[in-house]
Every structure is written in C-alpha cells, then in structure tokens.
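Below: the structure, in structure tokens.
A short reminder: the numbers here are calculations on the coordinates, not readings from a lab. Just so it is clear, the model here is predicted, and its values are computed rather than measured. Virtual Cβ from ideal backbone geometry, glycine too; neighbours counted across all protein chains shown.
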Amino acid sequence: MTTPSSLSQQALHDLSLHALSGALASKQVSATEVAQHFLQRMQEHTALGAFVDVRPEVTLAQAAAADARLAQGNGGALEGLPIAHKDIFVTRDFATTAGSRMLKDYRSPFDATVVAKLASSGMVTLGKLNCDEFAMGSSNENSAIAPVGFDAAQPVRNPWDTQRVPGGSSGGSAVAVAARLTPAATGTDTGGSIRQPAAFCGITGIKPTYGRASRYGMVAFASSLDQAGPMARSAQDCALLLSALCGPDLDRDATSIDLPAEDYSRQLNDSIEGLRIGVPKEFFGEGLADDVRTHIDSALAEYEKLGARLVPISLPRTELSIPVYYIIAPAEASSNLSRFDGVKFGHRAAQYGDLADMYQKTRSEGFGDEVQRRIMIGTYVLSHGYYDAYYLQAQKIRRMIADDFQNAFKECDVIAGPVAPTVAWKLGAMSDDPVANYLADIFTLPGSLAGLPGMSLPVGFASASADRGMPIGMQLIGNYFQEARLLNLAHRFQQTTDFHRAKPAGI
Ligand code: GLN
C-alpha cells in the first residue's frame, strides 16, 4: 500500500469528511488509497462486529471510477469519500439482510434511493453495517446475521467498552464511525435508531423531517415513522451528507416531500444570538442518570455562553409516547412484514405440508424473537374489536403529541434534552426484558411520532465509577424542515468543544 508523503496512514482515518475531501481534491491522496486504508482497518477491527458484508473488488472499482473523475477535475465535494450503509438499505452490489435470517441470502436488483444518491455524488461504498433485525431494537443484540470475521451472529460491540451495547438499531453504523472504520455511515431512525446509537458511541447523527429523505429501498419497518439520515463524527460532516441524501423522490415514495434539499454546509455559521432553546421538564425527571443530567446541563450552559436563551417548556405527553409508539410501530410492522411469506422474498422452510404450514414454518424460522413479538402485538392491536381500543386511540394521542410540540414551538426555536436516560448498558443486561428496553426510548419517541427532525451530538463522558468514560449525547429537536438550524447549533457547540474528537482507547 502506498503512503502519500504528506499524510500518514494513521492520519487518514482520523480525518473528517471535509479534510479528506480537501486531501482528495489536492491529490495528496487518491480515492483508491483511502478505500484501501479503510478496508484494511476494517479487517483489523472485525471483533467489533460492525460490518456484515464487504466486497473489496466492488469498493475498489468504485474508488477507481472516482479517481478517474477526480483526475478530470469534475468531482463534487463528496467525490471519492468512503461511506458504509446500514444493512436496511437495499444494495445491488452488496448483500441486503436487514439483520434477518429471512433475507440471509437476498440480493436486491436495485439500489435504495439514498444509496444511489450518495453513489452519484461520487461516494465509495465500503460495505454494509450490522443492525437489529428489521431495525427493531435499541441495542443491536437482535441481529441474526454473522458479522464479517464470524461464523455465527454476534452482538455488535461498543468501542468505548466492548462489554457494552452500541445502541440500536443502527448500532453497526455508530460503531464503524466511532471506531474510525469509515468516516461516515447511513442510518435509519424510526423511534430513535440514529440518535440513540450516535449518543451511545459518542458520534453525531441527524434524522431529518419525515419525508425529507426517500424511503424507497429502505426495508420497511413502520412506514409512517421510518426515516434515513447520516451518522458521522461532526455536524459539519453530517451537513455535507444530508444535502446529498435528501430530496424529493415523488415517483417512488408516496410520502416523499416535494422540497429540494438545502445546502446545509452553507448555513453552518449562522449566529445563535438570542435563539430560544426550549428545555422540556419531562425530559429531566426521575430515571435520568445523574451523569447524563450533569452533562446536558453543562452543554446548555455552554449554549447560553454562545448567546442562546434557555426557556422552560413542557411536553406533557412524553410518557405516553412509549405505549403509543409500541402500538403504532408494531401495527405497521405486522403489515409490512406480511410480504415475507416464503413465496416472494428470501427464506422458505425446507420441509412443509400444505400452504399454511409453509407460511408458518417459514415465518417461525425466518423471524427472530423480537420481530415475532412485534408481529403478534401489531396483529392484535389491528384486529377486530381491538382496533378502536388500541390502534385508533394511539393515533389520536399521536396527533396530540405532535400538537404539544407545536405549542412548545410558540415559545422556543429549538428543543434540547437528553437522547437517552442512561449511557450504553452492558451486553445482555436488558435482553430478557423487552419492556425495560422500550422504556429507554422515551426521549426519542416523541419527536419521531411528530415527524420532526432530531439530532444527537456528543456532550461529555460519564464519570460515575460504574459507567466511567462512556459517551453522553444531547438531543436537539427542531420544527419541521429546520435541519439547518439543528446542524448549525450542533456545529457551534463543536467549534468550542472537543467531545466529538475524542477516541476510544485502542482505536
Ligand atoms: N428502539 C426503537 C424500536 O425498537 C426504535 C428503533 C428504530 O428507530 N428503528 O422500535
């Protein structure tokens, strides 16, 4: 492997997308050298279980094509930069499993719109990243797929403490970015799956307004909630990616919004003088770990120093977001997953009697416990007699939760609080208690139900002896289409702090 004179190999994986972009444009390094460097790193860190599919020949061919465009001087800002995709996006050149046995050997005939958009911006795909099965989970312990380097499924490991979960469901994405196996990754967020793993792994991630990024080619979990977004180390890098992956896809996604993507990078230096930051009292109640509270408080104080004003607000139905989400998301999942019947996609049981038996065996074998649990809940709440009692009620409260945000936004410009009540927990600590797992989603679910943009940025590390050194994330929630404001706010913080530059030991 050649080492460019002015950039050591060590430096390459520590560079931001912005810095790498500059190095590529000024020919200090080639896209091929960058790709080779990350492919090599990934092999050195397979123990983290982040990647589920890598195909160096595909990656290097993409890098060579990027180099050719760079040589002609017609590459854009993302030309030749590496990216890895959560394995919930379908990809033509890599396997697509959605973390499920059901899709273990599935190859898609097309690329998801988000994947295609990033590829047409010149990005080079390093591989596919582990995730909870069908994006259901908060710990990435629900994947049924063996990561690269293993023969059997393994939990993805948090690089800050490999005995802890990375968060989920975009756990592989968060780990790959935190461990510098890629400078950036895609994630999806239905109820927190970009924000929570970003917080647990000390990186930055943004879920845009529902409808901003195309859902075409994202394996569906809960269609009224699913949304794609970027995960990287800084808000500045997220801004670059978000501009490239958002935008209308009206012919292929019926909920795509007809608004052009913005140039978020250009809006990163807006002043935050006088900006009103709403602090919801319900996000700071019992159950919030002291360490998390302390670091969110100091981040808020930092924002005051930068000129923002803190405004106490209330989101009175915060607690209800858990039962509401865990009715609506499983209801939609039970319908979406009915397509996996052994006929059209993926796994089919080897031995069966009649057609009903084929369905039953296929689905029992193909779906893991959490997925089956949600299909049962979803089918129950949609069934005759329970639809009105559960599903319809949940829809009504969902509307009220969205209205609560609109009331709050009369008093503030943006909302800030914790992403999760605690830092990343120990592997296995909640595996037998799905309800405890669901409760940990309390601060990310309200924004998801309302379809609002939300982001997570690192604001410190735990000091309590049990959790010492684990990253803590702050959540920013904006009104519809306020992604630029969130990114700007996070960027301002990252200009005066170093949390997003910290590295796990051994990385
Ligand atoms: N933890 C939540 C769930 O399990 C959110 C998952 C997600 O956003 N994909 O449903």
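Cut-off is 10 Å between beta-carbons; in what order do VAL177, VAL124, VAL90, VAL58 appear when sorted fewest neighbours first?
Going from sparsest to densest Cβ surroundings: VAL58, VAL90, VAL124, VAL177.
Between ALA389 and ILE507, what is the label-to-label distance in nm when each label sits 7 Å out along the Cα-to-Cβ direction?
Here the modelled spin labels are 4.7 nm apart.
Which chymotrypsin sites (Phe, Trp or Tyr not before Pro) does region 224-295 hold that lie in a coil by DSSP with at most 14 other beta carbons within 10 Å?
Sites meeting the loop and neighbour criteria: none at all.
With 10 angstrom as the radius, rank ASP258, ASP132, ASP263 by how many other C-beta atoms surround their C-beta, starting from the fewest.
ASP258, ASP263, ASP132
Quick one: which residues, 5 or more positions from MET474 or on another chain, have an amide H under 5 Å from its amide H? H modelled 1.01 Å from N in the peptide plane, none for Pro or chain starts.
Long-range HN contacts for MET474: LEU457, VAL459.
Assuming 1.306 mPa s and 10 °C, estimate D for region 319-386 with Stokes-Einstein, Rh taken as the Kirkwood radius over Cα pairs, in µm²/s.
123
Below 8 Å between Cα atoms, with a sequence gap of 6+, how large is the relative contact order for region 220-362 in percent?
24
Fully extended, how many nm does the chain gain between THR162 and GLU365 (0.36 nm per residue separation, minus their Cα-Cα distance)?
Length gained between THR162 and GLU365: 70.1 nm.
Taking the DSSP beta bridges in the chain as the whole, what percent of them are antiparallel, to the nearest 5?
Around 70 percent of the beta bridges assigned by DSSP in the chain are antiparallel ones.
Apply the Karplus parameterisation 6.51 cos²θ - 1.76 cosθ + 1.60, with θ equal to phi minus 60°, to every residue of region 381-398 and state each ³J(HN,Hα) to the nearest whole Hz, in sequence, with x for glycine and proline.
Here the 3J(HN,Hα) series is 6, 9, 7, 4, x, 9, 3, 5, 6, 10, 4, 5, 4, 4, 5, 5, 5, 4 Hz.
Out of all DSSP beta bridges in region 191-320, what portion is antiparallel? Express it as a percent rounded to 5.
Approximately 40 percent, going by the DSSP bridge assignments.
Which loop trypsin sites (Lys or Arg not before Pro) in region 98-136, with loop taken from DSSP, have no more than 13 other Cβ atoms within 10 angstrom of their Cβ?
Here the sparse-neighbourhood loop sites are ARG107.
Under a straight-distance cross-link criterion of Cα-Cα below 20 Å, which lysines are reachable from LYS410, leaving out those fewer than 8 residues away in the same chain?
LYS281
If you take the Cα Rg of the chain and divide it by 2.2 N^0.38 Å, with N the number of residues, what do you get?
Cα-based Rg divided by the globular estimate yields 0.92.
Please report, in whole Å, how far the alpha carbons of region 100-235 spread along each principal axis, starting with the longest.
Cα spread of region 100-235 along its principal axes, largest to smallest: 36, 35, 30 Å.
FRET efficiency for ALA464 and VAL311, Cβ-Cβ distance as r, R0 = 41 Å, nearest 0.05?
Result of the calculation: an efficiency of 0.90.
Apply the Karplus parameterisation 6.51 cos²θ - 1.76 cosθ + 1.60, with θ equal to phi minus 60°, to every residue of region 129-141 and state each ³J(HN,Hα) to the nearest whole Hz, in sequence, with x for glycine and proline.
10, 4, 7, 5, 4, 6, 6, 9, x, 10, 9, 6, 8
Below 8 Å, C-alpha to C-alpha, sequence gap of six or more: please give me the relative contact order for region 216-293 in percent.
In percent, rounded to a whole number, it is 20.
Order these by the 10 Å Cβ neighbour count, fewest first: ASP14, ASP403, ASP498, ASP53.
ASP498, ASP403, ASP14, ASP53
So which GluC sites (Glu not before Pro) in region 216-299 end up in coil per DSSP with only 16 or fewer other C-beta atoms within 10 Å?
Within region 216-299, the qualifying GluC sites (Glu not before Pro) (loop, at most 16 other Cβ atoms within 10 Å) are GLU273, GLU286.
Given the rule -39500 (n - 2.57) for each run of at least 4 DSSP H residues, summed and divided by the residues of the chain, what is its mean residue ellipticity at 222 nm, to the nearest 500 deg cm²/dmol?
For the chain, the value works out to -10500 deg cm²/dmol.
Which lysines, if any, have their Cα less than 29 Å from the Cα of LYS117, not counting same-chain residues under 8 positions apart?
LYS27, LYS86, LYS104, LYS128, LYS207, LYS344
If amide H atoms are built 1.01 Å from N in the plane of the peptide, which residues on other chains or at least 5 residues away come under 5 Å of the amide H of PHE51?
ASN130, VAL148
Tell me, what is the percent relative contact order of the chain, built from C-alpha pairs under 8 Å that lie six or more residues apart?
17
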